[in-house]
Amino acid sequence: MPLIHIVLLPVKADAPQDLVDQVVSELNQLKTHIPFVSSSRCGKTVTQRGKQYTHALVVELEKPDQLSLYRDHPVHQAVLQKIKLILGEESLAMDFDSAH
């Protein structure tokens, strides 16, 4: 039963584009660095429907009980520190069991 982890990111308008690009790239590569990540996709919105949220991240973990392992993983923690530098306000996260 995979777990889906979704994060909406409100990247501030004056965030350095090279840092934003680096964060997006690193988030898209989580699967290559964290063994129990089945997939990870991050990108910028192509519509204005997301209100203040400019980017979204969707991560699929193999099992729901791996969420805390993901949260504490050094690769996740490293990119999280970079994310904090580009956010204009608080992000929004949601997790759900995709088997239901």
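A few remarks follow.
- Leu80 vs. criteria free of Cβ contacts under 8 Å to residues at least 40 places away in the same chain and over 16 Å from Val7 (Cβ atoms): no
- Residue in the stretch 38-51 that is under 18 Å from Leu87 (Cα atoms), open to solvent by 40 Å² or more (accessible area, probe 1.4 Å), modelled with pLDDT of 95 or more and assigned to a helix (DSSP H, G or I) present: no
- Test for Gln17: is it within 21 Å of Glu90 (Cα to Cα) and either out of contact with any helix residue (DSSP H, G or I) (no Cβ under 6 Å at 6 or more places or on another chain) or of a type outside the set (Phe, Trp, Tyr) (or both): yes
- Test: Glu60 is in a strand (DSSP E or B), in contact (Cβ under 8 Å) with a residue 24 or more places away in the chain and under 11 Å from the mean Cα position of the chain (by Cα): yes
- The set of residues in the stretch 69-100 that are hydroxyl-bearing (Ser, Thr, Tyr) and open to solvent by less than 50 Å² (accessible area, probe 1.4 Å) comprises Tyr70, Ser91.
- Scan of the stretch 9-37 for residues that are in a loop (DSSP other than H, G, I, E, B) and either open to solvent by less than 30 Å² (accessible area, probe 1.4 Å) or free of Cβ contacts under 8 Å to residues at least 60 places away in the same chain (or both), ordered by number: Pro10, Asp14, Ala15, Gln29, Ile34, Pro35, Phe36
The values are calculated or read from the model by the stated rules, or taken from the named source; none is laboratory data. The shown structure was predicted, so the numbers you read here are calculated from the model rather than taken from an experiment. Here the Cβ is made from the backbone with ideal geometry for all residues, glycine too, and neighbour counts use every protein chain on show. What goes into the accessible areas is simple: the full protein's heavy atoms, side chains included, and nothing from ligands, DNA or RNA. Shrake-Rupley method; radii C 1.70, N 1.55, O 1.52, S 1.80 Å.
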